[in-house]
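To start, the structure under review is shown below, and the notes come after it.
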Amino acid sequence: MTEKNPYLAERLQDFGTTIFAEMSALAVRTDSINLGQGFPDTDGPNQVAEAAIRAIRDGHNQYPPGLGIESLRIAVSEHQKRFYGIEVDPETEVLITAGASEALAASLIALVEPGQEVITFEPYFDVYAAAIAMAGGKRRVVTLKTPDYSFDYEELVSKVNSNTRLILLNSPHNPTGKVFDHQELSQIAKLAVERDLLVITDEVYEHLVFDGLSHIPISTLPDMSERTLTISSAAKTFGFTGWKIGWAHGPSELLSAVRIAKQFLTYVNGAPFQHAIAEALKLDENYYMGLALDMAKKRDILCEGLEKAGFEVFRPSGTYYATVDIRPLGDEDGIEFCWDLPNRCGVVAVPNEVFYDNKNIGKPLVRFAYCKKPEVLDHAVEKLLSLKAQK
Ligand code: PMP
């Protein structure tokens, strides 16, 4: 798929344009409904937007401090205490980043020696593979298996060797919508402690968990806080994906290693948006509960529609995304299916194969995003229903 670019360093030769950019461009070109990339089609709370405008007018427009502004670091620390009982020192244990993406890249670059191995679960968010490669690390994957996206603990154990540096976890998980439960997290934690591994945990969907389930930060498990770097961001929690305000927290020495890499990537970003997100994090329970309830309703609209359209749907417990198996419709290859979907019915989705090392497992799987207005989802479902008639 990826053409060789003679200028590109060898360690990045496996990477081309991200599938999200390709599919969003396809949606624009074909005037299709874009259920590919995970961004909401409505803005976050007005009071948060107003706070950003106020911050610009108040002159918060120069480089903020390298760690991020104090009020945002305090807000992150209070958020972790309020929702999970986690104690975080805003002076030494929190770092504000250019989205979770930069936190991921900076931590992998800071913590992984070239040649060391990083274990993650497939399907994986594509940034993981690229950031591990930029760090010169080697990716080892454990497969999350449909229909419930469980994993085999023995497989996880078998991936650890003397060269393993860390486990990169994502819960709630993109693209599957899986929310790792206490037992699964305990298994991962036990292994990390026994084999003295670090854990980086990407929790950007922490407030998008449905059906009465809870998000459990792995750092709250016994003996984990000292070896865990927790990453999150304002993008999905507040619906401002373009602001790129993220953060990492962890024990001070671990965090200061990440800070050293981060300061030479962007140094800092988004001064006025940092002020706005400091206010956003203090929103009350109603906001956070409303966010999850609203997203669960959207999940229901899309999943019911996808089922009616004839797909096998792996109903997600969290996030913005639902994965389907396209084989009941007589299709086999998700990449071909996604390129052809705009012609067939005017909808864009993303092929999950690109999130797998074991390509054959991901081949018939396709991801649809439901973080869209209900009427947009209804319209998309109407179009998808026409697929059956085409066979
Ligand atoms: N992690 C995961 C699992 C994601 O899905 C995304 C965004 N799609 C990110 C990180 C990136 O977050 P940000 O926009 O804050 O960089």
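The values are calculated or read from the model by the stated rules, or taken from the named source; none is laboratory data. Note that the coordinates shown come from a computational prediction; the quantities given were computed from them, not determined experimentally. We place every Cβ from the backbone using ideal geometry, glycine too, and count neighbours over all the protein chains shown. Remember, those area values only see protein heavy atoms, side chains included, never the ligands or the DNA or RNA. Shrake-Rupley method; radii C 1.70, N 1.55, O 1.52, S 1.80 Å.
Laid out as a table, the results:
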quantity	calculated
Positions within the range 105-124 being out of contact with any strand residue (DSSP E or B) (no Cβ under 6 Å at 6 or more places or on another chain) and within 12 Å of the ligand (Cβ to nearest atom), in sequence order	Ala105, Ala106, Pro123, Tyr124
Matching residues in the range 63-100 - criterion: being part of a helix (DSSP H, G or I), more than 21 Å from Ala51 (Cα to Cα) and touching a Lys or Arg at 6+ places or on another chain (Cβ under 8 Å)	none
Strands (runs of 3 or more DSSP E) (entirely within the range 129-234) containing at least 3 residues that are within 30 Å of Glu10 (Cβ to Cβ) and either more than 18 Å from the chain's Cα centre (by Cα) or not assigned by TED's automatic domain parsing to the domain that holds Tyr356 (or both)	138-143, 164-170, 198-202
All positions within the range 26-63 that are within 16 Å of Gly239 (Cα to Cα), more than 16 Å from the ligand (Cβ to nearest atom), surrounded by 12 or more Cβ atoms within 10 Å (Cβ to Cβ) and not aliphatic (A, V, I, L, M)	Pro45, Gln47, Glu50
Odd one out for Gly310 among (1) part of a helix (DSSP H, G or I); (2) touching a helix residue (DSSP H, G or I) at 6+ places or on another chain (Cβ under 6 Å)	(1)
Pair list, Cβ < 6 Å and 6+ apart or interchain, from the range 74-91 residues that are surrounded by 17 or more Cβ atoms within 10 Å (Cβ to Cβ) to residues that are small (Gly, Ala, Ser)	Ala75/Ala278; Val88/Ser77; Pro90/Ser77
Within the range 320-391, helices (runs of 4 or more DSSP H) holding 3 or more residues that are modelled with pLDDT under 95, open to solvent by 50 Å² or more (accessible area, probe 1.4 Å) and touching a strand residue (DSSP E or B) at 6+ places or on another chain (Cβ under 9 Å)	none
Pick from the range 184-220, criterion open to solvent by 10 Å² or more (accessible area, probe 1.4 Å) and aliphatic (A, V, I, L, M), ranking: farthest from the ligand (Cβ to nearest atom)	Val193
